[in-house]
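Report on one structure; see the data block that follows.
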Amino acid sequence: MSPSTILTALLILASIAYYLGRRRAFAVAGKAGGVRYLHSRPIYYGALTALWCGVPALLLFTLWLALDDKIITNLVVSGLPQAIRALPENRLNLVVNDIKNLVSGNIVAGEVTATIQAAAAHYGNLKATSNAALAAVMLSLGIVGTVVIRSRISPTMRARNLVEQLVKYLLIACSCLAILTTIGIVLSVLFEATRFFKAVPLREFLFGLKWSPQMAIRADQVGSSGAFGAIPVFLGTLLISGIAMAVAVPVGLMSAIYLAEYADRRFRDIAKPLLEILAGIPTVVYGFFAAITVAPFIRNLGSTLGLDVSSESALAAGLVMGIMIIPFVSSLSDDVINAVPQSLRDGAYSLGATRSETIKQVVLPAALPGIVGSILLAVSRAIGETMIVVMAAGLAANLTLNPFKTVTTVTVQIVTLLIGDQEFDSPKTLAAFALGLVLFVVTLFLNVIALKVVRRYREQYE
Amino acid sequence: MNNGDSKAHKVERRTIDVVHQGLAKRYRAERRFRLYGLSAIIIGLLCLAILFISIVGNGYKAFQQTYVELEVFFDPAFLDQENLSTADYGGLVKSTLQTMFPEVKGRSDKRELYKLISPGAAFQLRAMVLKDPDIIGKSISLWVPADDDVDMLLKGHFKTDVGESSGRLTDKQLAWIEQLQEQGRIKKKFNKVFFTAGDSREPELAGIWGAAVGSFYTLLVTLLLSFPIGVAAAIYLEEFAQKNRWTDLIEVNINNLAAVPSIVFGLLGLAVFLNFFGFPRSAPLVGGLVLTLMTLPTIIIASRAALQSVPPSIREGALGVGASKMQMVAHHVLPLALPGMLTGTIIGMARALGETAPLLMIGMVAFIVDIPRGITDPATVLPVQIYLWADSPERAFVEKTSAAIMILLAFLLLMNGAAIILRKKFEKRW
């Protein structure tokens, strides 16, 4: 039985349970003298039965699917001959992958020996057994739940309260998922990062000036010792984000001022959604645009001006990223400027100030905290942006602030280190998690400050 | 007396004079400032326009594909009745080309001639023979896809007047193409392959259907998980939760998760779903799980806003006639807030559809030719397909990439349009 069939079967069982529960409620009510002697309406008795039939089985289902592959793999590995089990971890993983591929009928990388064949058969058997056992346990759990609840149904049973309580617990569980996600992010990134910092000291990572994560495969190989000084990567990120902000802040802020203070309603209704389209375009599209249109344009422009511009210049990536961020700055600032009370403006006008003077000397200072908050959010967006830099910026970690040169960013390095072969025992792969940790901490810091600033600002005028 | 008065008048500079003196300058500054604002908006819109023009300009030709008409004699010498599926169809194409261009002699010349036709032609012949073995021995004229270089040439992406070294086609090949053009045996037709095929190394055989199906499964998982969970979380936070530290913690978490870079969710997916739970790589199931975690904050925030916009009088009315709190929510508040929640969900789904970075982390960048048939099959998604094609060196893939982007943008437009219509239709002012 495949997991989806089991799930369908459970669904059918739950509907039957609902029907049984409801019928039982009618039956006991009939004995007591009519439906009005029931504590709750009959559907609640049905719902209670269905919930007790479905929810425990569903929880078991999730748990089982999450863990069964790990257990089966361990069983299969422990069944392998000693010679294979003694292999280093990454080689062993290859063997396990081959076994799994053999089971699912995919192409196998290594040679298929009799042992592998046997292991694959063993794996297939265990998997089938596991699925069958899951189906049996789940369905019997459902039936037990149904039978127990059904036997307890009586006119005095407070079915509605029980159902509502159960639903409330489900709601609470759903809302706690946000916390679980955060914990998951922190734990997973932290766990791999600490493994990285065991191999590479924290000081070298944070203050080292050379980044070349390629590790030597053989001990005698030349020139690829692996250096994990992340300063060039951080500097590249700052450079590209800086260029992006240099584009996005003036353009975004001025658009917001114009839309909020000058534009009439019709213009605003057209221009604002159009600008916001920029935020809805997938970043991979911007990346393609940067790589195909903007970067060659800048290189040609540079060569006519006699400048030496790299084809993967920081400028191209930064400019396009700036375009992407314009709407983030403009819509947040627009909200903030609109929230400045009209009385402040009226006061300035009555003193004889022109509109631009009012904006510059009254509205903007009043809105400044909110604008700073929106800019901080935009910076965190720029730092975490991935696809534009992956497609338009380079891989070489140059320690430079020249926007015409190639630089690399934290996100580019994460992607390049994790695409392709991953070895979770080599600092090369683990370095990605260390970079991810830095990225997460920095953006979290920026977000927390920005949200706090914006919230305080809003409270000020409410 | 009069004199003195006028003298005093001259000496005294009134405030209004100072104001008048500076007024012209101040008005100029005003106009300038206004112009800055307007030009900022124009710059923004211009960027949008350039982006769209560049994409459409690069991609609109991809919806047509160059085909060559071949007079294929299904030679029984090539087609062994016993194993038709493994017969030498490439050889069949080659012999057809030889009969069409009898003057071509010599190995290297012949190799150049064969390069005009896509390797897909052999597959096309194979499919025809397998479908109807009776055509063996007959002569049939049919259109097969041309090679991507020929396609690019006919679409005007290569300069033809320069010598052999510059283009990807040799002078001989150019002459043969001209010959075919004179015979009317080469022309552009609607590119059906692009909409029905999976990925391929050959640009003329590559299509987006595989990626589209992958996107569909991934979004299906995302929708099935994130909508119920998001709505449930929003209901709890908005209608049931007491204001305490725990609720505050949840709220801060949701707001922060909304701003965490998407690639971090990819790291989470890699470490937790793939390494810890051992889920299959490249599967829409894992992609959907990661995107669920990513879109949940968006959906929760939108759903809470929708719940907040339901007026308290509705709640009080329901409670007043004796409904329990849960009944009030389920029977009255939720139906009224549902359109707003759906709008938020559609916008979240649109964002998930365009998301690339976290999916790269969980292995959805693999080169996958087959169309996925379920949520555990290896698959890729539209934006990742765009990324993969953008990385390919062939000129023809630039066109394909742009065309795929147009399709993706069309889907996004459709979803956002649906969200706007939904909002307009059900928006209520209480």
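The selection criterion, being surrounded by fewer than 18 Cβ atoms within 10 Å (Cβ to Cβ), modelled with pLDDT of 90 or more and within 30 Å of residue B:398 (Cβ to Cβ), holds for residue A:297. Considering only residues in the range A:123-158 that are under 11 Å from residue A:6 (Cβ atoms) and touching a residue at least 40 places away in the same chain (Cβ under 8 Å), the one that is surrounded by the fewest Cβ atoms within 10 Å (Cβ to Cβ) turns out to be A:132. Scan the range B:181-190 and give yes if some residue there is crowded, with 21+ Cβ neighbours inside 10 Å, more than 30 Å from residue B:291 (Cα to Cα) and more than 30 Å from the chain's Cα centre (by Cα), otherwise no. Checking the range B:181-190: at least one residue is crowded, with 21+ Cβ neighbours inside 10 Å, more than 30 Å from residue B:291 (Cα to Cα) and more than 30 Å from the chain's Cα centre (by Cα). Of all the numbered requirements in (1) surrounded by fewer than 14 Cβ atoms within 10 Å (Cβ to Cβ); (2) assigned to a loop (DSSP other than H, G, I, E, B); (3) under 27 Å from the mean Cα position of the chain (by Cα), residue B:157 misses one, and that requirement is (1). The residue list B:79, B:113 contains one member that is surrounded by 14 or more Cβ atoms within 10 Å (Cβ to Cβ) and either at pLDDT 85 or above or assigned to a helix (DSSP H, G or I) (or both), which is B:113. Looking across B:356, B:401, B:380, one residue alone is surrounded by 15 or more Cβ atoms within 10 Å (Cβ to Cβ) and either among the basic types (Lys, Arg) or more than 9 Å from chain A (Cβ to nearest Cβ) (or both). It is B:380.
Taking the range A:318-335 as the range and being over 15 Å from residue A:243 (Cβ atoms) and out of contact with any Leu (no Cβ under 9 Å at 6 or more places or on another chain) as the test, only A:335 passes.
Against the definition (touching a residue at least 12 places away in the same chain (Cβ under 8 Å) and farther than 26 Å from residue A:169 by Cβ), how does residue A:50 come out, yes or no? No; evaluated as a whole, the condition is false for this residue. When we screen A:160, A:195 for residues that are outside any loop (DSSP other than H, G, I, E, B), assigned by TED's automatic domain parsing to the domain that holds residue A:22 and of a type in the set (Lys, Arg), the only hit is A:160. Residues in the range B:200-216 that are touching a helix residue (DSSP H, G or I) at 6+ places or on another chain (Cβ under 7 Å) and surrounded by fewer than 23 Cβ atoms within 10 Å (Cβ to Cβ): B:202, B:205, B:207, B:209, B:212.
The one condition from (1) surrounded by fewer than 13 Cβ atoms within 10 Å (Cβ to Cβ); (2) modelled with pLDDT of 75 or more that residue A:54 does not meet is (1).
Can you pull out every residue in the range B:203-242 that is assigned to a helix (DSSP H, G or I), over 27 Å from residue B:362 (Cα atoms) and free of Cβ contacts under 8 Å to residues at least 12 places away in the same chain? Residues satisfying the conditions are B:232, B:236. Taking the criterion of being closer than 19 Å to residue B:393 by Cβ and without any contact (Cβ under 8 Å) to a residue 40 or more places away in the chain, the residues of the range A:279-294 that qualify are A:289, A:292, A:293. Of all residues in the range A:391-428, those that are farther than 14 Å from residue A:318 by Cβ, within 13 Å of chain B (Cβ to nearest Cβ), touching a residue at least 60 places away in the same chain (Cβ under 8 Å) and outside any loop (DSSP other than H, G, I, E, B) total 3.
Among the residues here, residue B:55 qualifies as within 14 Å of chain A (Cβ to nearest Cβ), touching a residue at least 24 places away in the same chain (Cβ under 8 Å), part of a helix (DSSP H, G or I) and touching a Leu at 6+ places or on another chain (Cβ under 8 Å).
The values are calculated or read from the model by the stated rules, or taken from the named source; none is laboratory data. The structure presented is a predicted model; accordingly, all values stated were derived computationally and were not measured. Don't worry about glycine lacking a Cβ; one is built from the backbone with ideal geometry, like all the others, and counts go over all protein chains shown.
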